[in-house]
Amino acid sequence: MFKALLVEKDEAGKTSASVQEIGEDRLPEGDVTVAVEYSTVNYKDGLCIGPGAGLVRDYPHVPGIDFAGTVESSTDDRYKPGDRVVLTGWRVGENRWGGYGEKARVKADMLVPLPQGLTTRQAMAVGTAGLTAMLAIMALEDHGLAPGQGPVLVTGAAGGVGSVATAVLAKLGHEVAAVTGRPETGDYLKGLGATQIVAREDLTEVTRKPLESEVWAGCVDAVAGAMLGRVLKQMKYGTSVAAVGLAGGAAIEGALITPFILRGVNLLGIDSVMQPYENRVRAWGRIARDLPMDRLEEMIQPATLGDLPALGRAILKGEVKGRVVIDVRA
Ligand code: NDP
């Protein structure tokens, strides 16, 4: 038996989540069984703990889109008992059982060995949000971003993706402008290395202007919506926005085409879910190298499986600061 957060659906279609003891025979098919140590709370987890939103196919369900732990048993040559591993993506926690339990069984292809120098707790303080932030920064670098070109904007900065993006960009020597709708997080964001705090409302007003003054040398955008429409018009010539999420809405508003054709701005879409193995290993390696671990500690909000229903509701409302790390065994 192992302990897990189980989401059940009643006949009226209403879901409820509770911590329960589950038999190991109920784990899904897979090559590798992992003793999970830590998981996290991402926006998608909020959906899977609560309404499902079309992500979860079958109930009862164990959510948790990422986890880190130790291999318990493996039928795949790449992994042996005792290996430390991390998992993000592959729709684990959505259409198969995920990390909100003391045990998880997955396909070996879905795992990445934990990079040297990173603990399972640190790996989950980074988690899917942090991996996505790193993939976004790597995409900006591939398109020419380097320190000294001007301020790099991070939207949704006090959230998970934004916090890690802020800390990594600052460590790499960039000037970081952090956009937040929560002024009280200003000191936290400066502690992560932001040099400038931008109020959310300064970038959410929709204007009819086709272009504005060139300000930003790059952008990691977790918000989309009206803000992305404004930001695109303020990008410097030939720079890029790496768009990862839509916490502020799916529609981009404003005179959209002008930044692309008159300023050669690139809009790069970042998806962490289906990243090839090589990219995930490279990104985790960069995280171990470029993420200041003392700043990572500042982002952590520790929690247990029992806290998850409330945390799921909070992240859907944009109320979570930094990264929630679930100690699955606590
Ligand atoms: P969080 O909830 O931790 O952070 C999102 C932040 O966005 C909030 O903290 C808030 O920041 C800001 N925000 C929330 N609502 C609004 C709004 N209406 N208008 C403007 N800003 C808003 O989520 P994550 O950082 O984990 O994820 C961010 C987005 O990225 C989500 O949409 C998520 O689904 C997506 N994502 C995508 C991935 C991919 O592979 N592409 C992987 C991981 C996440 P503040 O209070 O500072 O303003």
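The values are calculated or read from the model by the stated rules, or taken from the named source; none is laboratory data. Here the structure is a predicted model, which is why all the values come from computation and not from measurement. So basically every Cβ, Gly included, is an ideal-geometry build from the backbone, and we count neighbours across all protein chains shown.
Look at residue 68 and say whether it is closer than 19 Å to residue 329 by Cβ and crowded, with 19+ Cβ neighbours inside 10 Å.
On the way: closer than 19 Å to residue 329 by Cβ: yes; crowded, with 19+ Cβ neighbours inside 10 Å: yes.
Yes; evaluated as a whole, the condition is true for this residue.
Which residue pairs have Cβ atoms under 6 Å apart, sit 6 or more places apart or on different chains, and have a first residue in the stretch 98-117 that is on the phi > 0 side of the Ramachandran plot and a second that is aliphatic (A, V, I, L, M) and surrounded by fewer than 20 Cβ atoms within 10 Å (Cβ to Cβ)?
Note: pairs meeting the criteria are 117/288.
Starting from residues that are away from the ligand (no atom under 16 Å from the Cβ) and part of a strand (DSSP E or B), keep the ones in the stretch 101-136 and report whichever is surrounded by the fewest Cβ atoms within 10 Å (Cβ to Cβ).
Filtering the stretch 101-136 for residues away from the ligand (no atom under 16 Å from the Cβ) gives 101-109, 111, 113-122.
Then drop every residue that is not part of a strand (DSSP E or B), which leaves 101, 103-106, 111, 113.
Numbers: 101: 25, 103: 20, 104: 32, 105: 18, 106: 24, 111: 26, 113: 14.
Top of the filtered list is 113.
Can you work out which of the residues in the stretch 34-50 that are in a loop (DSSP other than H, G, I, E, B) and within 9 Å of the ligand (Cβ to nearest atom) is farthest from the chain's Cα centre (by Cα)?
Checked the stretch 34-50; the qualifying residue farthest from the chain's Cα centre (by Cα) is 41.
Look at the stretch 278-315 and say how many of its residues are closer than 14 Å to residue 116 by Cβ, touching a strand residue (DSSP E or B) at 6+ places or on another chain (Cβ under 7 Å) and surrounded by 18 or more Cβ atoms within 10 Å (Cβ to Cβ).
1
Given (1) over 26 Å from residue 125 (Cα atoms); (2) within 16 Å of the ligand (Cβ to nearest atom); (3) in contact with a helix residue (DSSP H, G or I) (Cβ under 6 Å, 6 or more places away or on another chain), where does residue 54 come up short, assuming only one miss?
For residue 54, the exception is condition (3).
Look through the stretch 175-189, keep the residues that are touching a residue at least 60 places away in the same chain (Cβ under 8 Å) and assigned to a helix (DSSP H, G or I), and return whichever of them is farthest from the ligand (Cβ to nearest atom).
188
Under 21 Å from residue 220 (Cβ atoms), surrounded by 13 or more Cβ atoms within 10 Å (Cβ to Cβ) and within 14 Å of the ligand (Cβ to nearest atom): is that true of residue 325 in this structure? If you could, list the steps in order and put the result at the bottom.
On the way: under 21 Å from residue 220 (Cβ atoms): no; surrounded by 13 or more Cβ atoms within 10 Å (Cβ to Cβ): yes; within 14 Å of the ligand (Cβ to nearest atom): yes.
It is false that residue 325 is under 21 Å from residue 220 (Cβ atoms), surrounded by 13 or more Cβ atoms within 10 Å (Cβ to Cβ) and within 14 Å of the ligand (Cβ to nearest atom).
Working only within the stretch 137-159, note down all residues that are more than 26 Å from residue 5 (Cβ to Cβ), among the small types (Gly, Ala, Ser) and within 16 Å of the ligand (Cβ to nearest atom).
If the condition is that a residue be more than 26 Å from residue 5 (Cβ to Cβ), among the small types (Gly, Ala, Ser) and within 16 Å of the ligand (Cβ to nearest atom), then 139, 157 are the ones that fit.
Would you confirm whether any residue within the stretch 137-155 is part of a helix (DSSP H, G or I), among the polar types (S, T, N, Q) and surrounded by 18 or more Cβ atoms within 10 Å (Cβ to Cβ)?
Of the stretch 137-155, the ones part of a helix (DSSP H, G or I) are 137-142.
If we keep only those that are among the polar types (S, T, N, Q) as well, we get none.
No - not one qualifying residue is present in the stretch 137-155.
Given the structure, is residue 28 assigned by TED's automatic domain parsing to the domain that holds residue 107, surrounded by fewer than 16 Cβ atoms within 10 Å (Cβ to Cβ), within 24 Å of the chain's Cα centre (by Cα) and not in a strand (DSSP E or B)?
Working: assigned by TED's automatic domain parsing to the domain that holds residue 107: yes; surrounded by fewer than 16 Cβ atoms within 10 Å (Cβ to Cβ): yes; within 24 Å of the chain's Cα centre (by Cα): no; not in a strand (DSSP E or B): yes.
No; evaluated as a whole, the condition is false for this residue.
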